[in-house]
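Okay, structure first, notes after.
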Protein chains: 4
Amino acid sequence: MQIGMMGLGRMGANMVRRLMRDGHECVVYDINPASVAALVSDGALGAASLTEFVGKLAKPRCVWLMLPAAITGKIIDQVAALMEPGDIVIDGGNSYYHDAVDQAAKLAAKGIHLVDVGTSGGVWGLERGYCLMIGGPDVAVQHLDSVFATLAPGADAGSPAPDKAAGTAPFGYLHCGPSGAGHFVKMVHNGIEYGVMAAYAEGMNILKSANAGKRQRTADAETSPLENPQYYQFDIDLPQVAEVWRHGSVIGSWLLDLTAGALKSDPGLANFGGRVSDSGEGRWTLKAAIDTGVPAPVLSSALFDRFSSQGESEFADKLLSAMRYAFGGHVEKPKAGQ
Amino acid sequence: MQIGMMGLGRMGANMVRRLMRDGHECVVYDINPASVAALVSDGALGAASLTEFVGKLAKPRCVWLMLPAAITGKIIDQVAALMEPGDIVIDGGNSYYHDAVDQAAKLAAKGIHLVDVGTSGGVWGLERGYCLMIGGPDVAVQHLDSVFATLAPGADAGSPAPDKAAGTAPFGYLHCGPSGAGHFVKMVHNGIEYGVMAAYAEGMNILKSANAGKRQRTADAETSPLENPQYYQFDIDLPQVAEVWRHGSVIGSWLLDLTAGALKSDPGLANFGGRVSDSGEGRWTLKAAIDTGVPAPVLSSALFDRFSSQGESEFADKLLSAMRYAFGGHVEKPKAGQ
Amino acid sequence: MQIGMMGLGRMGANMVRRLMRDGHECVVYDINPASVAALVSDGALGAASLTEFVGKLAKPRCVWLMLPAAITGKIIDQVAALMEPGDIVIDGGNSYYHDAVDQAAKLAAKGIHLVDVGTSGGVWGLERGYCLMIGGPDVAVQHLDSVFATLAPGADAGSPAPDKAAGTAPFGYLHCGPSGAGHFVKMVHNGIEYGVMAAYAEGMNILKSANAGKRQRTADAETSPLENPQYYQFDIDLPQVAEVWRHGSVIGSWLLDLTAGALKSDPGLANFGGRVSDSGEGRWTLKAAIDTGVPAPVLSSALFDRFSSQGESEFADKLLSAMRYAFGGHVEKPKAGQ
Amino acid sequence: MQIGMMGLGRMGANMVRRLMRDGHECVVYDINPASVAALVSDGALGAASLTEFVGKLAKPRCVWLMLPAAITGKIIDQVAALMEPGDIVIDGGNSYYHDAVDQAAKLAAKGIHLVDVGTSGGVWGLERGYCLMIGGPDVAVQHLDSVFATLAPGADAGSPAPDKAAGTAPFGYLHCGPSGAGHFVKMVHNGIEYGVMAAYAEGMNILKSANAGKRQRTADAETSPLENPQYYQFDIDLPQVAEVWRHGSVIGSWLLDLTAGALKSDPGLANFGGRVSDSGEGRWTLKAAIDTGVPAPVLSSALFDRFSSQGESEFADKLLSAMRYAFGGHVEKPKAGQ
């Protein structure tokens, strides 16, 4: 079928390629003409303006947006202004599901459908396919089924194909509920992702310290002595451990596959400084947990560690040192490298 | 090659079957004669006593123990008393790595080797193979290579076989270091497992509450109101979400596969009450983190949630209610079901 | 000076009494006539309706509201409808500071001032005085200075009185900033309160388990054995420990005073079941931390423990048990009492 | 009565002064002769060697040690070698209670008593008195009662003196149980201290960010945007807030008093870099919680934040950035100041 794609960054461009490869017709637009040109040379139909873009689409028009969350709302308004009842806007970015709920109500008043699609798969999606978590009205979601089926990984190779009538989840896409439900499920997906990543990272950090008993320890009143150095004499080969866990262990996962790859190519992780970004979904997941009174100690610990890695615990830590000085006269040790 | 296996529970018996299936000769022993008989009928050589068991082994004798951690130390002593220099004891259970370090030193004095093998794979290992994390002296570990190769999953089907000279990790087993290193790596593996499991469980719990805005809320001073009920109107199908995430998402994993299966067969998890056991490794992992000063907030949150599920936060919670009553006159609400 | 008080629950009524005791004239109103009558008999001027209440106030009218957060917004609108430019509404309840920011803007358009006063002190405030955290326009806050001075504890007895020109904080009240700042500071105050309370509760729970080595332990594969029972042979007298810490220790506090009192009168805390309520501020504190990217692992752990005590971790815990069964065949132990 | 004090650092020397001020006779020893001389000039009886020190004591000899935990065990052995049955060794340092349990058993075999005294009060103890948590045999603890009574703060001034027959806790010292119980209670005391300190520090950090809406925010894909800047426009005066909370609020405490003092003298905490030491007790508290299966999420979060402040999360954070790069192509932002 025909679909319009606006926002031709890494994700959007690769999705267009995957769609065209499977026979869909793609009309594409981006504020960067070079991005449009690149896909036109691959077979897409390009547009030089938003108006031209929408004008080239057959009715009901289907416009898929892959844009930064910060501008998505504004662009949806602009697109909707050029649309008619029955048309469909698809937001495939990492928008806040609150916005999808609000925006869907606004568009519904004009007869336009908002479909929100949480999209996981990252830079690997072009080849592996994207896992799609979809929210929106039935009629719109059904209309787009063949698009979703193409973007998603599809049934597992080598297994008998599941019965699609029993649900599309085994094919890698799922209609999760009304508008907002797709971004909600994607939000929680990313919240979980933070927790899983942190579990591996903490564990690897403990393995790395398995030789602590061999290291010279500072002996002063401000440094806790290592109690049993004889139990910390192991030099663990982290890349090999990550690799072996990929084969038959309970904690095998795609993130572990990537971890093993990263450690293999750069065992000391010299290309990284340890400032871990967070992109919104982890925060929103916790707000949902707080709103609904659901305990999420693991997911919050993972998020707060990222905040700390960004330097945001500094004032709190200074205050702790100030208290220690005030009650015990403890003089702070300088930070490493200072 | 020939190997003796003592401890013929689910794990031990399945390992014997996997070994025999690949042509190894297995001498087996268990205090339960029926367990021995079952494997004898499958082709193993049985023994009726520890002495007979050790006596049937060719030199250097290799005795693999799959026993509860609580009795492993004592049995190692008994086995070693019947052994000669050059013989090998393998501890494949979930023992504390401290014990392996201590025991190895004791056995080394008699010329006997202790090899500790962290074994992951659970009830699926017979078919999938076991991920093996190995500690011990080089000579003993190398002597057992063909046994490890059989028990492990082996190279991925469908990919070109990796070069074994570059390491055995891609085959699912790894010599991690001297005695104790195997159990150390397995310990951290399980610590990570707790964290990964908790990440999924918390996320699923948040998804489950996505319809909180539809529920009747108690309106009293002791209940926080739900701020924006319009954003919590989703009835998420948890089994389908777990399934869709298995296909192309960043958080795909074997634990997620099992989670999807569990939710599919019992969406309300009616067979479970929510008392989550912990088996030692999670505790030891945290002790190692504490000893070496490595932060592990995610792994500890996962462990402490299990303690809470076992009822161990009750006194602390009563004290919190007592404080609230003392400063604010807040009367505690009864627990659900009381 | 004259002040109107609406909302004559425990907090509001006691504040009226403290104000009258210091010579202020109080006009009072509540939907419950008996609450009005009680204070009238103590010397207050009563009103039978909102209109009468506002009508009895001299200009500029000062109306202090001590109402549940859920209805405060609506009542502020009703009061403001009866007011004129220059009048002042004071919200002394536990409202969300977002509402104070929004409401203040709305009232400012009519020339009416909103003053938000976070009020700590609980049932003890009548005698001890209330700690007041104040937000609002300078002119309104200064107009109310004598009221704040009366409600607050005042300077410490026995010390030389501090210089008020250097700030009112040593007297127990503080103008923290524009409208909303008072509730913001009170919100964080309560967030801290959750953390401090949890620190004591967890510590006391550990002390209570100091005799774990004396208890009969279940010996099964689902129960972690106690490693060194010889180190857990202490029967600690918790009420006495709480008492001794009140005298000269680093952790002395008013909450500890209350804890010692609660444990003395009911050492087993038999009057409590362990369902700990949370009242909004703890949640809002965390949302502020998340919005601004500030790590708050301790405050969030304290909040999530309360959620768990309310039974909200149950589904997550069931899922953990389901996973354990799926990979390892571990059969869940029944919950205590089941 | 007469008491010998060895270890004349800040704590030991001040304790000698407080004892002499109340009429006790002190024999003192330290490897640093200047420390001995200073107290001799204040009226103590000095010794130039351990043998001379023990020799000057009347029977039953009472030797109080205020030494670093790392050397306490060795010195106890040396002192005990010079003692006779009925003599008493008091360990007032921050030793691990395991050591006290083990050492007491060893000394008991010679008829010598070990009394372990957890001592809280820091640099303020000389004037305020020390809170003493005591473990040991009844006969020895009772023999030392007048020493404990002097070191402790004593009954609150201005209140009627409590009945000592009902217990010594209101006087600031408590016999908590057999040898080891004193250090155990002190250990948990310090564990709580970490949690309480962290609660204040996190809350203050959130208050500090209350003006986040005024700050210029980086607008890039790796930085989460601030959702509602209008709610983060407050410039909170932290020293004043700490001060006001001291007067009538629920979270008033001695640590808050010190915090207010520290912020008043150095509002930006420019004298501190934020590397927070930990001294053993926090670690041991968590190990006790883990051993006994008691959840301690708040205390552990407080400890792990200290580890992070010491730079120990760096490798884990690098690994998180490496994973983000691997699945999403996210390029890490540089750390502040790099």
- Query: Within region D:261-284, can you find the residues that are touching a Phe, Trp or Tyr at 6+ places or on another chain (Cβ under 8 Å), in a helix (DSSP H, G or I) and open to solvent by less than 10 Å² (accessible area, probe 1.4 Å)?
  - Reply: D:G282
- Working only within region B:163-192, note down all residues that are open to solvent by 10 Å² or more (accessible area, probe 1.4 Å) and within 15 Å of B:H113 (Cβ to Cβ). B:H175, B:G177, B:P178, B:S179
- Task: Collect the residues in region B:107-133 that are of a type in the set (F, W, Y) and in a loop (DSSP other than H, G, I, E, B), keeping them in residue-number order.
- Result: B:Y130
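Would you mind finding the one in D:G213, D:G158 that is more than 24 Å from the chain's Cα centre (by Cα), within 30 Å of A:R306 (Cα to Cα), open to solvent by 10 Å² or more (accessible area, probe 1.4 Å) and small (G, A, S)?
D:G213
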- Message: Name the single residue that is least open to solvent (accessible area, probe 1.4 Å) among those in region D:95-113 being under 21 Å from the mean Cα position of the chain (by Cα) and of a type in the set (A, V, I, L, M).
- Response: D:A100
- Note on the structure: Log entry, pairs with first residue in region C:21-35 being closer than 24 Å to C:P68 by Cα, second being open to solvent by less than 20 Å² (accessible area, probe 1.4 Å) and of a type in the set (F, W, Y), beta carbons closer than 9 Å, six or more apart or on different chains, reads C:V27/C:F53; C:V28/C:F53; C:Y29/C:F53
- Item | The lone exception for C:A140 - which of (1) farther than 12 Å from C:L174 by Cα; (2) within 13 Å of chain D (Cβ to nearest Cβ); (3) part of a helix (DSSP H, G or I); (4) open to solvent by less than 40 Å² (accessible area, probe 1.4 Å) it fails | (2)
- Query: Would you say A:G195 is touching a residue at least 60 places away in the same chain (Cβ under 8 Å), assigned to a helix (DSSP H, G or I) and either open to solvent by 10 Å² or more (accessible area, probe 1.4 Å) or facing another protein chain (nearest Cβ under 7 Å) (or both)?
  - Reply: yes
- Over region B:50-65, the set of residues without any contact (Cβ under 8 Å) to a residue 40 or more places away in the chain and in contact with a strand residue (DSSP E or B) (Cβ under 9 Å, 6 or more places away or on another chain) is B:E52
- Can you spot a residue in region B:182-189 that is at positive phi, under 29 Å from the mean Cα position of the chain (by Cα) and more than 7 Å from every other protein chain (Cβ to nearest Cβ)? no
- Task: Could you identify the single residue in B:G125, B:G92 that is open to solvent by less than 10 Å² (accessible area, probe 1.4 Å) and out of contact with any helix residue (DSSP H, G or I) (no Cβ under 7 Å at 6 or more places or on another chain)?
- Result: B:G92
- Test: D:A37 is within 24 Å of D:P178 (Cβ to Cβ), surrounded by fewer than 22 Cβ atoms within 10 Å (Cβ to Cβ) and either among the small types (G, A, S) or in the same structural domain as D:E281 (by the TED database) (or both): no
- Item | Residue that is open to solvent by less than 40 Å² (accessible area, probe 1.4 Å), in the same structural domain as D:H143 (by the TED database) and not polar (S, T, N, Q), where the choices are D:G23, D:G7 | D:G7
- Within region D:143-155, can you find the residues that are crowded, with 21+ Cβ neighbours inside 10 Å and either assigned to a strand (DSSP E or B) or in contact (Cβ under 8 Å) with a residue 60 or more places away in the chain (or both)? D:L144, D:V147, D:T150, D:L151
- Close pairs from region C:66-87: first on the phi > 0 side of the Ramachandran plot and surrounded by 14 or more Cβ atoms within 10 Å (Cβ to Cβ), partner of a type outside the set (A, V, I, L, M) and modelled with pLDDT under 95, Cβ under 7 Å, at least 6 apart: none
- Item | Residue that is farthest from the other protein chains (Cβ to nearest Cβ), among those in region D:216-227 that are polar (S, T, N, Q) and open to solvent by 60 Å² or more (accessible area, probe 1.4 Å) | D:Q216
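So which of C:W284, C:W245, C:W254 ends up being more than 7 Å from every other protein chain (Cβ to nearest Cβ) and among the aromatic types (F, W, Y)?
Only one candidate qualifies: C:W284.
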- Could you check, for region B:227-235, whether at least one of its residues is free of Cβ contacts under 8 Å to residues at least 40 places away in the same chain, assigned to a helix (DSSP H, G or I) and hydrophobic (A, V, I, L, M, F, W, C)? no
- Message: Looking at A:Q240, A:Q310, A:Q230 in this structure, which one is touching a Gly at 6+ places or on another chain (Cβ under 9 Å), open to solvent by 30 Å² or more (accessible area, probe 1.4 Å) and more than 10 Å from chain B (Cβ to nearest Cβ)?
- Response: A:Q310
- Task: Please name all residue pairs, on different chains or six or more residues apart, with Cβ atoms under 8 Å, provided the first residue is in region A:295-313 and is at negative phi and the second residue is open to solvent by 10 Å² or more (accessible area, probe 1.4 Å) and modelled with pLDDT under 95.
- Result: A:Q310/D:A336
- Item | Count of residues meeting criterion [assigned to a helix (DSSP H, G or I) and under 21 Å from B:S209 (Cβ atoms)] in region C:300-330 | 20
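The values are calculated or read from the model by the stated rules, or taken from the named source; none is laboratory data. Here the structure is a predicted model, which is why all the values come from computation and not from measurement. Cβ sites come from the backbone with ideal geometry, for glycine too, and all protein chains shown count toward neighbours. With ligands, DNA and RNA removed, areas are computed over all heavy atoms of the protein, side chains included. Shrake-Rupley method; radii C 1.70, N 1.55, O 1.52, S 1.80 Å.
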